[in-house]
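Engineer: Please find one structure pasted underneath; my questions will follow.
Each value in this text was obtained by applying a stated rule to the coordinates, not by laboratory testing. Source: prediction; values computed, not measured. Neighbour counts run over all protein chains shown; Cβ positions are idealised from the backbone, glycine included.
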Amino acid sequence: MKESLLDILRCPLDKHELELENATYADTDGDTDAAEVVSGELVCTDCGEHYPIDDGIPNLLPPDMREESPA
Amino acid sequence: MKESLLDILRCPLDKHELELENATYADTDGDTDAAEVVSGELVCTDCGEHYPIDDGIPNLLPPDMREESPA
Amino acid sequence: MSVREEFDDWATSGRDRGMEERHWHTAKHALARIPVEPGDTVLDLGCGSGYAGRALRDTKDAGRIYGLDGSPEMAHNAAGYTDDEQVSYLVGDFGSLPFGENTIDHVWSMEAFYYAADPRETLAEIARVLRPGGTFYCAVNYYEENVHSHQWQEKISIEMTRWDREQYRDAFRESGLYVAEQDTIPDREITIPAEAEFPTQNWDTREEMVERYREFGTLLTVGVAP
Amino acid sequence: MSVREEFDDWATSGRDRGMEERHWHTAKHALARIPVEPGDTVLDLGCGSGYAGRALRDTKDAGRIYGLDGSPEMAHNAAGYTDDEQVSYLVGDFGSLPFGENTIDHVWSMEAFYYAADPRETLAEIARVLRPGGTFYCAVNYYEENVHSHQWQEKISIEMTRWDREQYRDAFRESGLYVAEQDTIPDREITIPAEAEFPTQNWDTREEMVERYREFGTLLTVGVAP
Ligand SMILES: Nc1ncnc2c1ncn2[C@@H]1O[C@H](CSCC[C@H](N)C(=O)O)[C@@H](O)[C@H]1O
Ligand SMILES: Nc1ncnc2c1ncn2[C@@H]1O[C@H](CSCC[C@H](N)C(=O)O)[C@@H](O)[C@H]1O
């Protein structure tokens, strides 16, 4: 995912903003605007819930609908 | 035209309400709700402009666009 | 010539019924899309023979229908085609609609909008009379992308507005209407003669006629009052 | 079974591409109607292979496209079909959209809305994320009037909502959306075998198949945020 997606993404539970943690990026020749996040976590700035980013795709299912994917 | 049309009709010039004058009605067996106005005039309650009803059809053209129809 | 003079002539020579027949091919598809609920009030701008409002009464149980036309002869013809007490016709001009604010649920107009002397003024008038959430279904065959319509202006003395698709959307928004949809509706019904019959009186080539009807058809722009 | 389990399976067995091919017949006509302006942000709910958003990028120069799907495998497949940096896919549920208020210009959904566990909650979520004047194009083949779709529920473990046309309009309005349009879009492209080939595996009679595709087609309801 693009880091700019954070502008409009919200926690599905309480609609508060999310912060990116433990991000790893795809190689983008130093162009950080275009930075493609490959993995990491989105953390709700209010409730603290964590949402994983797998293979560049954020999983924003409410936690009770999320099942861990096999490694 | 039906008299109930007066509920939503307005003077095209200043959008004020209109009043019906000199009305003649089609024969409707005394049912005044269904009263069909055949001729008469609609008069603006604000500017006093007159709009003719011919053959049951009100002519609400702005006066400068209206031409008298031949008798 | 005035709208009245031009179109009174059309009405007395029976062109109202001819237009009804041809316009119906695409108009019916646009009319079917309008979310008219039973009892809704519909205003038909430039109603001609008045077929559109009568169809909405029949198919969607619309409440009151008002057909407005600048030509008294058109309005009189239209009135003569129905006994329905819920349908009324009146003479008026697109530039100053004789209705109060928020009095109309849906405005329909087929092949008439571009005759407005000032189309932006007409849009503002439509936005004024529509209730919040009310729709304006504006259908035109005369528009910029339809190159085969360009020469129509030569045949009529009233100045016609030839917007392209984007100009319609922009003008709707400038008047305060939301744009909910824009589409071209093909005319799949008009008979297109076989190749060998071209050129015809109106068409040089079959390709042009196919493009005019099957591709360009009728441009529909749908606005919604906020 | 959960949405995830059901549709992950569909995705890994390639059904995402099969749906794309079949749904495209009607979806393209609905997509063409959306008044997307260059730069607009579009959210595709239940994006499957993600074809709809990619088409809006290509044809209308949409800005950002977000494809949301409850199945991680669907979202991963969709991401694999494009290199376009303006197109993103994410995993989420129709019941709680992970977007802020007024962040989306248009919401699109094809053959997915009725899987929502609570469709009214989903409509409220859509109304929340749309900017004023933004549209929701909701296209479904599974609906009450389409009697040929009724048995689809037996083939899937997720409960499906089978509204009729009026229920769609009413529910949109209850959620605060204006209804701008409702229409059925025929599928004119699917091949319907000759009379002699019926019954087929799926159809008893040719008439039924014609009715299903050429008449009932896809039900489109268009909402506009106030
Ligand atoms: N400025 C104006 N105000 C009111 N009516 C107008 C007008 N300019 C043109 N018209 C009317 O618009 C109509 C256009 S012809 C289309 C008629 C009908 N809607 C149909 O589909 O067949 C004519 O009847 C004409 O009299
Ligand atoms: N509650 C829910 N939340 C998010 N996505 C859901 C969902 N229920 C179903 N879906 C998704 O909706 C899709 C329906 S299949 C339709 C896919 C695509 N729109 C097309 O036209 O082909 C599936 O990919 C499924 O995973």
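Engineer: Using DSSP, restrict attention to beta bridges with both residues in region D:89-226 and report what percent are antiparallel, rounded to the nearest 5. Provide the component values of the computation, followed by the final result.
Structural biologist: Values: 14 of 20 bridges.
DSSP beta bridges in region D:89-226 are roughly 70 percent antiparallel.
Engineer: Tell me, what HN-Hα J-couplings in whole Hz come from the Karplus equation 6.51 cos²θ - 1.76 cosθ + 1.60 at θ = phi - 60° for each residue of region C:75-86, using x for Gly and Pro?
Structural biologist: Here the 3J(HN,Hα) series is 4, 5, 4, 4, 4, x, 8, 8, 10, 5, 5, 7 Hz.
Engineer: Principal axis lengths of region B:3-64 from Cα atoms, whole Å, largest first?
Structural biologist: The principal-axis extents, from largest down, are 37, 19, 15 Å.
Engineer: Describe numerically, in nm with one decimal, the distance between label points set 7 Å from Cα along Cα→Cβ at C:Gln167 and at D:Glu215.
Structural biologist: Distance between label points: 4.2 nm.
Engineer: Can you list the equivalent-ellipsoid semi-axes of chain D, largest first and in whole Å, using the square root of 5 times each Cα gyration tensor eigenvalue? Mind dumping the intermediate values first?
Structural biologist: Working: eigenvalues 147, 79, 63 Å².
Largest first, chain D gives 27, 20, 18 Å.
Engineer: Provide the per-residue ³J(HN,Hα) series for region C:132-147, in order, calculated from phi with Karplus coefficients 6.51, -1.76, 1.60 and θ = phi - 60°, each as a whole number of Hz, with x at glycine and proline positions.
Structural biologist: Values, residue by residue: x, x, x, 10, 10, 9, 10, 10, 9, 9, 8, 7, 4, 5, 7, 4 Hz.
Engineer: Of C:Thr221, D:Thr191, D:Thr205, B:Thr24, how do they rank once you tally other Cβ atoms within 10 Å and put the fewest first?
Structural biologist: Values: C:Thr221 25, D:Thr191 5, D:Thr205 12, B:Thr24 9.
Least to most surrounded, the residues fall as D:Thr191, B:Thr24, D:Thr205, C:Thr221.
Engineer: Moving on. Taking each residue in B:6-14, count the Cβ atoms of any other chain within 10 Å of its Cβ, then average. What number comes out? Intermediate values should be presented prior to the final figure.
Structural biologist: On the way: counts 0, 3, 12, 8, 8, 2, 8, 2, 1.
Taking the mean over all residues of the peptide, I get 5.
Engineer: Based solely on its DSSP helices, what 222 nm [θ] is calculated for chain C when runs of n ≥ 4 H residues each add -39,500 (n - 2.57) and the sum is averaged over all residues, nearest 500 deg cm²/dmol?
Structural biologist: Numbers: 7 runs with 74 residues, N = 226.
The helix-only estimate for chain C comes to -10000 deg cm²/dmol at 222 nm.
Engineer: Using each residue's phi in region D:21-29, evaluate 6.51 cos²θ - 1.76 cosθ + 1.60 at θ = phi - 60° and report the 3J(HN,Hα) Karplus result to the nearest Hz, with x for Gly and Pro.
Structural biologist: Couplings: 4, 6, 5, 4, 3, 9, 4, 4, 6 Hz.
Engineer: Considering the convex hull of the alpha carbon atoms of region D:96-223, report its projected area averaged over all viewing directions, in nm², one decimal.
Structural biologist: Computed as one quarter of the Cα hull surface, the answer is 8.4 nm².
Engineer: Please give the net charge around C:Trp203, taking every other residue with its beta carbon less than 12 angstrom from that of C:Trp203, where Lys and Arg add +1 and Asp and Glu add -1.
Structural biologist: Working: positive: C:Arg206, C:Arg212; negative: C:Glu195, C:Glu197, C:Asp204, C:Glu207, C:Glu208, C:Glu211.
Value of the local net charge: -4.
Engineer: If we sort D:159-165, C:111-117, D:72-78 on the protection proxy, mean other Cβ atoms within 10 Å, highest first, what's the order? Please list the in-between numbers first.
Structural biologist: Values: D:159-165: 16.1, C:111-117: 21.6, D:72-78: 24.3.
Ranked by mean Cβ neighbours within 10 Å, highest first: D:72-78, C:111-117, D:159-165.
Engineer: Moving on. D:Ile192: net charge of surrounding residues, Cβ under 14 Å, Lys/Arg +1, Asp/Glu -1, itself excluded?
Structural biologist: -4
Engineer: Would you please give the residues with an amide H less than 5 Å from that of D:Phe99, counting only those at least 5 places away or on a separate chain, with H modeled from the backbone geometry?
Structural biologist: Amide H neighbours of D:Phe99: A:Arg10.
Engineer: What's the average, rounded to a whole number, of partner chain beta-carbon atoms within 10 Å of each residue's beta-carbon in C:132-139? Please list the in-between numbers first.
Structural biologist: Values: counts 2, 8, 2, 6, 1, 2, 0, 0.
For this peptide, the per-residue mean of nearby foreign Cβ atoms is 3.
Engineer: Based on the Cα atoms of the protein assembly as shown, what semi-axes does the equivalent ellipsoid have, where each is the square root of 5 times one gyration tensor eigenvalue, given in whole Å with the largest first?
Structural biologist: Values: eigenvalues 486, 148, 108 Å².
Sorted largest first and rounded, they come to 49, 27, 23 Å.
Engineer: Using a 10 Å cut-off around each Cβ of peptide B:48-59, what is the average number of partner chain Cβ atoms that fall inside? Numbers along the way, then the final one.
Structural biologist: On the way: counts 0, 0, 0, 4, 1, 2, 4, 5, 6, 11, 7, 6.
Across the residues of B:48-59, the mean count of other-chain Cβ atoms within 10 Å is 4.
Engineer: Right, next: In the protein assembly as shown, how many lysine pairs have Cα atoms under 26 Å apart, counting only pairs 8 or more places apart or on different chains?
Structural biologist: On the way: A:Lys2/A:Lys15; A:Lys2/D:Lys60; B:Lys2/B:Lys15; B:Lys2/C:Lys60; C:Lys28/C:Lys60; C:Lys28/D:Lys28; D:Lys28/D:Lys60.
Value for the protein assembly as shown: 7.
Engineer: Still on this model: How many nm is it between the label spots at D:Arg188 and D:Glu144, if each spot is 7 Å from the Cα in line with the beta carbon?
Structural biologist: 3.0
Engineer: Would you mind putting D:42-51, D:13-22 in packing order, based on average other-beta-carbon counts within 10 Å, highest first?
Structural biologist: Working: D:42-51: 26.0, D:13-22: 14.9.
Final packing ranking: D:42-51, D:13-22.
Engineer: Right, something else. May I ask you to sort D:Ile34, B:Ile8, B:Ile57 by Cβ crowding, counting other Cβ atoms within 10 Å and putting the fewest first? Walk me through the numbers on the way to the answer.
Structural biologist: Values: D:Ile34 26, B:Ile8 19, B:Ile57 23.
Fewest-to-most Cβ neighbours within 10 Å comes out as B:Ile8, B:Ile57, D:Ile34.
Engineer: Next question, about the same structure. I need the calculated FRET efficiency for the pair A:Asp27 and D:Thr59, taking r as the beta carbon distance and R₀ as 35 Å, to the nearest 0.05. Spell out each step's value before the answer.
Structural biologist: Working: r = 32 Å, r/R0 = 0.90.
Computed FRET efficiency for A:Asp27 and D:Thr59: 0.65.
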